[in-house]
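Single-structure report; data block below.
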Amino acid sequence: MCGIVGYIGNKKALPLLIDGLKHLEYRGYDSAGVAVLGDDLNVVKTQGRIKVLEKKLKEFPLKGTLGIGHTRWATHGIPNEVNAHPHYSESKNIVVVHNGIVENYLELKKMLIKEGHNFRSETDTEVIPYLIEEFYDGNLLEAVQRALNIIEGSYAIAVIAKSEKDKLVVARNDSPLVIGLGKNENFVASDITALLPYTHKIITLENGDIAEITKKEVNIYDKQGNKIERPVQSIQWNAEDAQKGGFKHFMLKEIFEEPHVIKEAMRGRIKNDSIEIPELKNLSKDYLKNINQVFFVACGTAYHAGVVGKYLSEKYLKIPSKAEVASEFRYSDPVIDDKTLLFVISQSGETADTLAALRLGKEKGAKTIGIVNVVGSSVAREVDNVVYVHAGPEIAVASTKAYVAQVEVIGLIISYLAKSLGKLSESSERTIVKELKMLPEKAQSILDRADAIAEFVYNTTKNIEETFYIGRNLDYALSLEGALKLKEISYVHAEGYPAGELKHGPLALVTPKSLIIAIDTYAPLYKKTLSNIKEVKARKGKVLAITRKGYKDMESVADKTFYVPETIPDLSPIISVIPLQLIAYYTAESRGLDIDKPRNLAKSVTVE
Ligand code: F6R
């Protein structure tokens, strides 16, 4: 998730690009750059925020009325000046800005290097201008079309060629791109926010669209090169609404991004229906065979993703596995040696306790795998192998989409390791892949019913004094995360508890003023949790059950039942967490709280 802007018209492009980038800085902020076509095609870029770029531009003012700009949130290659966009083609006659991930960039790069090309950056993006240049014979649109035919992955791109001074070519696939229409000028941006100060007339490109934009015209083509029309919409949002994509809070926006996040987390990791984790290719079978224990260490929500990991690891790898809170792990003198595999999970990659746990693990000889969102962060740099979750920048303090991506990536890694150890049959792998591919749609179907959750919350949670989230196995892992979400943003006391453990104490607390969120999606233990729900009902607690589609008998037991789509039990947490996130969100919203910045909490906890 980065920000893209583009301008073509009669005005000076540079101030418009910089203004647009400032509106998009919330999408990415580790480096930025602009390219302007005047007498020459020049690029200025820097590591850091837009204000650093502005300072540099004072020394190199770029003149011209056609330009593109980018604010980056690194996915491939650390945040530095070389990896910042725009990227030149080898001859510097073409420039490109790109959002998304080129899945087959390694193959393409290898091919181009073999043909004698030299690359400058570590990014996946750089293959795009190089390929366009390969195909370029005076028609930029055609060259972009031909390059995109061999590029696999997600992209929103904007491209300029030095020899075509009157044109900007843009394209999208699985990464948003909009065109803003002006009088004798046109704009492009990765989201509407950047365009609103200049125009409210917007065309939203669809997947596969390529557009050739001049200052007077916009011509859009489909993948086959047929000219197509897309509707012009009149957008009435203000700039703040637009940053949040029209959602009231970043948290809600981020929850609604989850279908896309699920897709991105598996990108490049499923090849011909087989699970591959290229980042772990160097783990030999001999090494894997020797592992005798697995740890998942992290804090907060990331720790809860680790609890899911522990269950999956034991089930599939058949190796003793533990999830530990990093702040405890680091002072517990854990028994670790070179046969230990240590997973370190962190959205920010900067959490002090998590880093300390990682360093301790390494010191004792463990091999470490980082599951990290922020590219180039401390955890990412210090682990032996990093697997990025590609959730995009998370702005709300409460972590939502990063959790979804973490759980998915952990599932992918465990499946991959189990396969490497000969512990996952081909048919089980095929089933996992088939189900994974259906998850984005299933997640969307839950979000389409968000109103039902909101209604339940508005009608039920006002006089609640105590909230329990209960579940077994993976549903227990989810109950911990559901309770944390509710606590941190709505300030309602909540506990996540193993469903079978209630009667050993906490059941004493259950009264008609208790709300019990019962998570019963894990098919093998459905009936067991159902019995625990009956125990709660006998004490007149209110029960909202989150269960799998088809488990109709729940309706006669719970006060309200919310169904999540069926999938294999081990993938269920990826989507079953969504209703829990929505419960927390709507509870906080009904109380008028500052949801994106809850009291006493910070997004990145860099002190112990
Ligand atoms: C909860 C939340 C925190 C973080 C925790 C770890 O919504 O956001 O509990 O999960 O502080 O942060 P990272 O993942 O950045 O290490």
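For the subset of segment 381-421 comprising residues that are within 14 Å of the ligand (Cβ to nearest atom) and of a type in the set (Phe, Trp, Tyr), which member is farthest from residue 315 (Cα to Cα)?
Checking each candidate, the answer is 388.
Could you tell me whether residue 127 is within 21 Å of residue 7 (Cα to Cα) and buried (at least 16 other Cβ atoms within 10 Å of the Cβ)?
So residue 127 fails the test.
When you go through (1) modelled with pLDDT under 95; (2) more than 23 Å from residue 402 (Cα to Cα); (3) crowded, with 16+ Cβ neighbours inside 10 Å; (4) aliphatic (A, V, I, L, M) one by one for residue 605, which number turns out not to apply?
Single failed check for residue 605: (2).
Given the criteria modelled with pLDDT of 95 or more, under 26 Å from the mean Cα position of the chain (by Cα), within 16 Å of the ligand (Cβ to nearest atom) and closer than 24 Å to residue 352 by Cα, does residue 329 qualify? Before the answer, list the steps.
Working: modelled with pLDDT of 95 or more: yes; under 26 Å from the mean Cα position of the chain (by Cα): no; within 16 Å of the ligand (Cβ to nearest atom): yes; closer than 24 Å to residue 352 by Cα: yes.
When the stated conditions are applied, residue 329 does not pass them.
Give the residue that is farthest from the ligand (Cβ to nearest atom), with candidates limited to residues of segment 555-608 that are within 19 Å of residue 251 (Cα to Cα) and basic (Lys, Arg).
It comes out as 591.
What's the number of the only condition in (1) buried (at least 18 other Cβ atoms within 10 Å of the Cβ); (2) more than 25 Å from the chain's Cα centre (by Cα); (3) closer than 27 Å to residue 373 by Cα that residue 62 fails to meet?
Unmet condition: (3).
What's the number of the only condition in (1) in contact (Cβ under 8 Å) with a residue 24 or more places away in the chain; (2) in a loop (DSSP other than H, G, I, E, B) that residue 116 fails to meet?
It fails just one condition, (1).
I need the full set of residues from segment 285-311 which are more than 10 Å from the ligand (Cβ to nearest atom), over 20 Å from residue 336 (Cα atoms) and not charged (D, E, K, R), in order please.
Across segment 285-311, the qualifying residue is only 308.
Could you check residue 504 against (1) away from the ligand (no atom under 16 Å from the Cβ); (2) within 34 Å of the chain's Cα centre (by Cα); (3) not hydrophobic (A, V, I, L, M, F, W, C) and say which number it fails?
Condition (2) is where residue 504 drops out.
Residues are listed down the side, and each one gets a yes or a no for (1) of a type in the set (S, T, N, Q); (2) farther than 17 Å from residue 341 by Cα:
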| site | (1), (2) |
| --- | --- |
| 363 | no, no |
| 374 | no, yes |
| 399 | yes, yes |
| 405 | no, yes |
| 412 | no, no |
| 442 | no, yes |
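Is it the case, given these coordinates, that residue 538 is within 16 Å of the ligand (Cβ to nearest atom) and of a type in the set (Gly, Ala, Ser)?
For residue 538, the condition - within 16 Å of the ligand (Cβ to nearest atom) and of a type in the set (Gly, Ala, Ser) - is not met.
Give all pairs with beta carbons closer than 7 Å in which a residue from segment 470-481 that is more than 10 Å from residue 572 (Cβ to Cβ) meets a residue that is open to solvent by less than 10 Å² (accessible area, probe 1.4 Å) and among the hydroxyl-bearing types (Ser, Thr, Tyr); count only pairs at least 6 apart in sequence or on separate chains.
Partner pairs satisfying both residue conditions: 470/479; 471/479; 471/529; 472/529; 479/469; 481/403.
For segment 363-379, name all the residues that are within 13 Å of the ligand (Cβ to nearest atom) and crowded, with 23+ Cβ neighbours inside 10 Å.
370, 371, 372, 373, 374, 377, 379
Could you check how many residues of segment 179-196 are in a strand (DSSP E or B) and surrounded by fewer than 24 Cβ atoms within 10 Å (Cβ to Cβ)? Reasoning before the result, please.
Step one: filter segment 179-196 for residues in a strand (DSSP E or B), giving 179-181, 186-189.
In the following step, the residues that additionally are surrounded by fewer than 24 Cβ atoms within 10 Å (Cβ to Cβ) were identified as 181.
Final tally of qualifying residues: 1.
Pick from segment 147-171 the residues that are at pLDDT below 95 and part of a strand (DSSP E or B): which of them is surrounded by the most Cβ atoms within 10 Å (Cβ to Cβ)?
Among those that are at pLDDT below 95 and part of a strand (DSSP E or B), it is 156.
Could you check how many residues of segment 197-214 are surrounded by fewer than 20 Cβ atoms within 10 Å (Cβ to Cβ), without any contact (Cβ under 8 Å) to a residue 60 or more places away in the chain and assigned to a loop (DSSP other than H, G, I, E, B)?
Qualifying residue count for the region: 5.
Go through segment 339-362 and give me each residue that's open to solvent by less than 20 Å² (accessible area, probe 1.4 Å), within 12 Å of the ligand (Cβ to nearest atom) and without any contact (Cβ under 8 Å) to a residue 60 or more places away in the chain.
344, 346, 349, 354, 355
Among the residues of segment 215-265 satisfying the criterion of being touching a strand residue (DSSP E or B) at 6+ places or on another chain (Cβ under 9 Å) and of a type in the set (Asp, Glu), which is least open to solvent (accessible area, probe 1.4 Å)?
Filtering segment 215-265 for residues that are touching a strand residue (DSSP E or B) at 6+ places or on another chain (Cβ under 9 Å) and of a type in the set (Asp, Glu), the one least open to solvent (accessible area, probe 1.4 Å) comes out as 264.
Could you go through segment 403-410 and let me know if any residue there is acidic (Asp, Glu), outside the structural domain of residue 571 (by TED's automatic domain parsing) and buried (at least 18 other Cβ atoms within 10 Å of the Cβ).
Yes, the conditions are met somewhere in segment 403-410.
Go through segment 487-501 and give me each residue that's open to solvent by 10 Å² or more (accessible area, probe 1.4 Å) and either within 16 Å of the ligand (Cβ to nearest atom) or in contact with a Lys or Arg (Cβ under 9 Å, 6 or more places away or on another chain) (or both).
The answer is 487, 488, 491, 492, 493, 495, 496, 498, 500.
Would you mind finding the one in 240, 254 that is modelled with pLDDT under 95 and either in a helix (DSSP H, G or I) or among the aliphatic types (A, V, I, L, M) (or both)?
When all the criteria are applied, what remains is 240.
The values are calculated or read from the model by the stated rules, or taken from the named source; none is laboratory data. From a predicted model like this one, the values you see are computed outputs, not experimental measurements. Virtual Cβ from ideal backbone geometry, glycine too; neighbours counted across all protein chains shown. Note: areas computed on protein heavy atoms with side chains; ligands, DNA, RNA excluded. Shrake-Rupley method; radii C 1.70, N 1.55, O 1.52, S 1.80 Å.
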